[in-house]
1. Apply the Karplus curve 6.51 cos²θ - 1.76 cosθ + 1.60, θ = phi - 60°, to the phi angles in segment 157-169 and return the couplings in whole Hz, x for Gly and Pro.
2. If you find the alpha carbon centre of segment 11-25 and of segment 112-166, how far apart are they in angstrom?
3. If you add up the charges near Ile134, with Lys and Arg at +1 and Asp and Glu at -1, over every other residue whose beta carbon is less than 11 angstrom from its beta carbon, what do you get?
4. Picking from Ala180, Ala129, Ala53, which is most flexible by a Gaussian network model of the chain using Cα springs under 10 Å?
5. Under a Cβ-Cβ cut-off of 12 Å, what is the net charge of the residues other than Thr38 that fall near it, where Lys and Arg count +1 and Asp and Glu count -1?
6. Within 13 Å, Cβ to Cβ, of Asp18, how many net charges do the neighbouring residues add up to if Lys/Arg are +1 and Asp/Glu are -1?
7. Hey, what number do you get for the chain at 222 nm if only DSSP H runs of n ≥ 4 count, each worth -39500 (n - 2.57), divided across all residues, to the nearest 500?
8. Taking H as built 1.01 Å from N, whose amide H comes closer than 5 Å to the amide H of Val82, not counting residues under 5 places away?
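Laboratory data are not the source of any read-out in this text; all were calculated from the coordinates shown. Keep in mind that what you see is a predicted model, and the values were worked out from it rather than measured. Here Cβ is always computed from backbone atoms with ideal geometry, including for glycine, and neighbour counts include all displayed protein chains.
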Amino acid sequence: MTAETLSLALADTATRQDLQNFLGRLVRLGEAEVRLQTRGDVLAVYGCTQAPAGIMDDTPVVLVMRAFPLAEAPAVPVDTVVEVRSLTDRLAREESGLTLALPDVTVAAAWSGVLPPLGGWEARGEIDAGSLAIVAAEGMARVAENVPADAGDPVVQKVRRAVWGSEIAPGIPAAAAFAAEGLGFLAGVDRLAISGSRAWTRLSGRNGHVILRRGVGLMG
């Protein structure tokens with residue numbers, strides 16, 4: 001079966017709207033790609049809101065993940081990387097359908113080559129959702145204040161990395177707060193659970209996960 005014939009049956013209209021909202025936020029805040037994986041009748045969607053600029057860059061990778069129910073498991077398991085906009089365009093064209101036809105063009109994204117493990121996570125406490133929202137708001141204000149109107153991309157990236165690279169808790173940069181707030185993970189929750197697995201740290205709530213991989217560059 002080729003990529004252009006693959007499609008997924010979403011569980012219901014609420015799932016479709018939820019997926020559309022999540023992808024819409026990723027278009028505005030994240031990298032251009034998403035990695036899609038099916039696990040039985042569940043679709044895991046991984047995005048990235050921060051990635052190193054190269055192999056020697058120790059900026060942490062910041063991933064976001066949501067799981068969406070499917071009406072049934074696909075005949076062939078899916079594991080592919082596609083452009084976010086290709087999915088949002090398809091969802092926009094099929095305004096009420098529950099069948100998601102996957103794009104026939106796949107892409108390469110360095111951040112998507114290594115994903116966090118499914119198991120082996122150790123609980124490491126909790127973090128207050130309200131505090132994360134404050135960090136995100138203050139960080140966005142600092143970025144806006146420190147980026148000149150005519151700044152080029154290198155200047156913008158330098159300011160963003162300085163703001164979002166500061167730690168708000170051991171091993172957790174402000175970039176995690178930006179991702180959690182921007183992707184809607186803080187809505188209606190009081191705290192996010194913190195867990196760890198080797199090089200990974202995960203902030204989890206009922207709305208989704210922010211997953212960090214620190215100090216290993218793009219190919220670590």
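1. 5, 4, 5, 4, 5, 5, 6, 7, x, 5, 7, 9, 7
2. About 24 Å separates the Cα centre of segment 11-25 from the one of segment 112-166.
3. Once positives and negatives cancel, what remains is -3.
4. With Cα springs under 10 Å in the chain, the top fluctuation among Ala180, Ala129, Ala53 is at Ala53.
5. In short, -1.
6. +3
7. -9500 deg cm²/dmol
8. Val34, Leu36, Val107
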